[in-house]
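This report concerns only the one structure given below.
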Amino acid sequence: MVLDPGPAPNEPGDGDFSAVPRRIETRLQYVATRAGEPNWITCDVFDEMDQVIVDARAAVAISPRESIERTDEGYVATKAGAYTARCELPSINLRDESPEMWQVVPGPAAAISTETDHESIAAGERLEVTCMAQDAFGNDAESEDADVRFDPAPANLVMEDRRHYFVQS
């Protein structure tokens, strides 16, 4: 089922209604998405008989607003974090009193960098290697699957665990 995301946040679309709006509800297609993935946000406006007013077009307000874009596929957040989505009809001062929470998690790793605790080590010393990954939008991403490679690889390199290495003498 395709859901209409409603008007853009800067185009409230509210005004003349076929019934008097009394309540408004916000719905998310997904409660969590990866950064860069679209999410439909829909608004239902109800009258005093709890019937949907089909010609009422509510605005969607998202907080924080930074890094949010409305596209043809829905709303897209590029910064990982917690967002609040709320439908409202500003012209009559009506808004959803129980907004929806939208969690945006980092996307897959798109870039990785490596840090070591020493620039060089002598045989038998330990070296700690830290891999840091970022998704396509600069969010810190998981780097658990990162492999550490040495170039050139020492002949006596021993991996203690995924982060600690030493060269046997």
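Details
- Spin-label pair Ala111-Ser143: with each label point 7 Å from Cα along the Cα-Cβ axis, the two points sit 1.3 nm from one another.
- The packing ranking of peptides 117-130, 40-53, highest mean first, is 40-53, 117-130, where packing means the average number of other beta carbon atoms within 10 angstrom of each residue.
- Magnitude of the charge dipole for the chain, about its Cα centre and with charges confined to Cβ atoms of Lys, Arg (+1) and Asp, Glu (-1), is about 100 debye.
- Paramagnetic label zone (point 7 Å from Cα along Cα-to-C-beta, Ser91; backbone N under 13 Å) in the range 20-56: 20-21, 55-56
- The length gained by stretching the chain between Asp161 and Val129 to full extension, at 0.36 nm per residue less their Cα-Cα distance, is 10.5 nm.
- Taking 4.7 Å between beta carbons as the limit, the unpaired Cys residues of the chain are Cys131.
- Remark: spin-label model distance Ala19-Glu119 equals 7.4 nm, labels positioned 7 Å along the Cα→Cβ axis.
Rule-based calculations on the coordinates, nothing more; no lab input. All values derive from a computational prediction rather than experimental measurement. Every residue, glycine among them, receives a Cβ derived from its backbone with ideal geometry; neighbour counts consider all protein chains shown.
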